[in-house]
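Only one structure is covered here, and it is reproduced in the block below.
The values are calculated or read from the model by the stated rules, or taken from the named source; none is laboratory data. Just so it is clear, the structure is predicted and the values come from calculations on it, not from any experiment. Using ideal geometry, Cβ is built from the backbone for each residue, glycine included, and neighbour counts are taken over all protein chains shown. The accessibility values were calculated without ligands, DNA or RNA, using every heavy atom of the protein model including side chains. Shrake-Rupley method; radii C 1.70, N 1.55, O 1.52, S 1.80 Å.
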Amino acid sequence: MRERKTTKGERIMSIAEHAPPYIRAISPYLPGKPITQLAREMGIPAGKIVKLASNENPLGMSPRARAAMQEAMDGIERYPDQFELTAALASRLGVGTEQIVLGNGSNDVLDLVARVFLAPGRSSVFSRHAFAVYPLATMSAGGECIVVPARHFGHDLDAMRAAIRPDTRIVWIANPNNPTGNFLPGDQVKAFLQSAPKDVVVVLDEAYNEYLPPADRVDTLAWVREFPNLVITRTFSKIHGLAGLRVGYAVTTAEIADLMHRVRQPFNVNNLALAGAIAALDDHAFIAESFEANRRGMDQIIAGLKRLGLEHIPSHGNFITFKAGDAAKVNQALLKQGVIVRPIAGYALPEHLRVTIGLESENASFLAALEKSLEGAR
Ligand SMILES: *Cc1c(COP(=O)(O)O)cnc(C)c1O
């Protein structure tokens with residue numbers, strides 16, 4: 001920071017120095033590079049760019065969601081009413097409406113949990129390579145991050161339990177995790193809940209839940225009745241294809257939900273988002289199609305990575321993380337060819353890249369560009 005002095009030579013504090021140190025210590029979130037930005041930087045036409053960097057649904061969104069949002073344009077002068085989406089979720093998920101908290105993306109609800117339970121002098125526990133929002137939410141609330149070494153890139157639940165301190169108030173578990181794609185079987189998560197202290201909130205982030213094959217799915221929502229310290233979060237950004245709309249939700253006890261409602265913005269989910277989400281929830285055909293396209297694309301990319309002799313971390317989401325060697329160099333070479341993937345050095349994985357499963361043609365473009373990039377980088 002540049003020092004400024006008065007005419008008498010006294011040091012003037014920069015306005016930024018008046019922000020609490022825990023705010024100044026935050027590293028900003030690095031989103032996937034937008035198509036428009038790469039188009040500007042490289043002079044590549046936007047239509048020629050393949051973006052597989054943000055775990056977005058390559059099929060777009062449910063046509064029913066589109067129609068519902070077009071209709072909702074009519075009421076846009078009114079403040080939103082969360083009643084209908086909350087009721088639809090409660091009935092679909094078999095919980096009470098008082099157990100649901102909606103958010104402007106599930107990122108918002110993660111932040112609400114942090115604001116309710118964390119403060120300076122308190123801490124949260126999460127795994128190395130876990131989702132980047134956990135440190136952000138923790139530090140924004142003034143909490144301290146306890147980062148636990150990973151096991152095979154995934155959460156080491158025993159080590160995470162051992163890392164819990166008397167001042168710990170939240171444990172964050174993404175299952176499947178992003179960016180590694182690791183999945184913990186239900187019995188392991190349940191055993192963790194049984195052994196974790198009851199005064200620590202466990203946030204089970206299930207953003208990729210709908211991509212799990214039926215054999216891996218567990219009724220985690222039923223656990224909310226058993227564990228009064230459990231918060232489950234889900235989103236409309238991933239399989240529902242509504243990332244730009246920003247809707248997510250938490251399912252928890254009425255007691256925790258009540259606290260989260262106190263700190264949330266009264267109108268944190270907009271009219272279009274509410275209408276789109278209600279319609280998307282019922283579009284089972286679109287969800288099934290997205291699931292199948294993901295499974296096929298995953299096979300296609302895994303086969304391609306194997307052909308190129310690249311190791312990957314087995315993934316249970318709509319993305320796959322692979323070892324690229326000099327990942328920064330390979331990433332640059334991909335960008336030059338108009339392919340955007342996600343470098344994850346910020347997740348302590350400097351040799352890996354994460355690619356989102358796209359359409360068959362996008363996956364093929366990615367693999368062809370990757371092959372060329374490796375020739376240049378090796
Ligand atoms: C994408 C993602 C989310 C969801 O973010 P939204 O704010 O709902 O778009 C949450 N958790 C993880 C682990 C994710 O990868």
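Taking only DSSP H segments of four or more residues, each worth -39500 (n - 2.57), what value at 222 nm results for the chain once the sum is divided by all its residues, to the nearest 500 deg cm²/dmol?
The helix-only estimate for the chain comes to -11500 deg cm²/dmol at 222 nm.
Could you go through region 211-216 in sequence order and give the Karplus-derived ³J(HN,Hα) for each residue, using 6.51 cos²θ - 1.76 cosθ + 1.60 with θ = phi - 60°, rounded to whole Hz, and x for Gly and Pro?
So the J values, rounded to whole Hz, are 8, 6, x, x, 5, 8.
For region 262-371, what is the charge dipole size about the Cα centre, in debye to the nearest 20, if Lys and Arg each add +1 at the Cβ and Asp and Glu each add -1 at the Cβ?
Roughly 420 debye, rounded to the nearest 20.
Per q in 0.13 1/Å, what log10 I(q)/I(0) does a Debye calculation on the alpha-carbon atoms of region 1-148 return?
With one equal scatterer per Cα and no solvent, log10 I(q)/I(0) is -1.01.
Please report Rg (one decimal) and Dmax (integer) in Å for the Cα set of region 1-67.
Rg and Dmax of region 1-67, Cα atoms, are 22.0, 67 Å.
Highest mean first, how do 261-271, 241-251 rank when packing is the count of other Cβ atoms within 10 Å averaged over residues?
The peptides rank, most packed first, as 241-251, 261-271.
Which of these, THR252, THR356, THR220, has the largest mean-square fluctuation under a Gaussian network model of the chain (Cα springs below 10 Å)?
Of the options given, THR220 has the highest mean-square fluctuation.
I need the phi-derived Karplus couplings for region 48-59: 6.51 cos²θ - 1.76 cosθ + 1.60, θ = phi - 60°, integer Hz, Gly and Pro marked x.
Values, residue by residue: 9, 8, 10, 9, 10, 10, 10, 6, 8, 7, x, 7 Hz.
Give the separation of the Cα centroids, region 219-266 to region 305-378, in Å.
A separation of 32 Å, based on Cα centres.
Based on Cβ point charges of +1 for Lys and Arg and -1 for Asp and Glu, what charge dipole magnitude is obtained for the chain about its Cα centre, in debye rounded to the nearest 20?
With Lys and Arg at +1 and Asp and Glu at -1, about 1360 debye.
What number comes out for the charge environment of VAL116, summing +1 per Lys or Arg and -1 per Asp or Glu over other residues with Cβ under 12 Å away?
+2
Most mobile of PRO28, PRO197, PRO176 per a Gaussian network model of the chain (Cα springs, under 10 Å)?
PRO28
May I ask which residue of ILE44, TYR208, SER365 lies farthest towards the positive end of the charge dipole of the chain, with charges of +1 (Lys, Arg) and -1 (Asp, Glu) on Cβ and the Cα centre as origin?
After comparing all options, I get ILE44.
Label region 123-268 by shape, choosing from rounded, prolate and oblate, from the square roots a ≥ b ≥ c of the eigenvalues of the Cα gyration tensor; if a/c is under 1.5 it is rounded, and otherwise prolate applies when a/b is larger than b/c, oblate when it is not.
Because its axes are fairly even, with a/c under 1.5, region 123-268 counts as rounded.
What is the chain's relative contact order, in percent, from Cα pairs under 8 angstrom and six or more apart in sequence?
Once normalised by length, the contact order is 22 percent.
Give me the 1.4 Å probe accessible area per residue for the chain, excluding ligands and nucleic acids, in Å².
47 Å²
For VAL148, what residues show an amide H to amide H distance below 5 Å, using hydrogens built from the backbone and excluding near sequence neighbours?
Those lying under 5 Å, H to H, from VAL148 are PHE126, SER127, ARG128.
What are the residues whose amide H is under 5 Å from the amide H of PHE319, where those residues sit 5 or more places off or on another chain and H is modelled from the backbone?
Under 5 Å from the amide H of PHE319: ILE357.
Scattering from the C-alpha atoms of region 293-348 alone, worked out with Debye: what is log10 I(q)/I(0) at q = 0.26, 0.31 1/Å?
-1.26, -1.33
On the protein heavy atoms, probe 1.4 angstrom, tell me the percent of accessible surface of the chain carried by carbon and sulfur.
The nonpolar share, carbon plus sulfur, comes to 54 percent.
Springs between alpha-carbon pairs under 10 angstrom, Gaussian network model over the chain: which of LYS33, LYS238, LYS306 fluctuates most?
Taking springs between Cα atoms under 10 Å, the residue moving most is LYS306.
Taking Cα pairs under 8 Å and at least six residues apart, what relative contact order does region 1-101 come out at, in percent?
Rounded, it is 11 percent for region 1-101.
With a ≥ b ≥ c taken as the square roots of the eigenvalues of the C-alpha gyration tensor of the chain, please select rounded if a/c is under 1.5 and otherwise prolate if a/b is larger than b/c or oblate if it is not?
rounded
Nothing charged except the Cβ atoms of Lys and Arg (+1) and of Asp and Glu (-1): what's the magnitude of the dipole of region 63-281 about its Cα centre? Round to the nearest 20 debye.
300 debye
Students often forget the sequence filter, so: which aspartates and glutamates lie under 12 Å Cα-Cα from LYS306 once same-chain residues fewer than 8 apart are removed?
Here the aspartates and glutamates satisfying the reach criterion relative to LYS306 are GLU371.
For region 132-215, calculate the relative contact order in percent as a whole number, restricting contacts to Cα pairs under 8 Å that are 6 or more residues apart.
Once divided by the residue count of region 132-215, the mean separation gives 29 percent.
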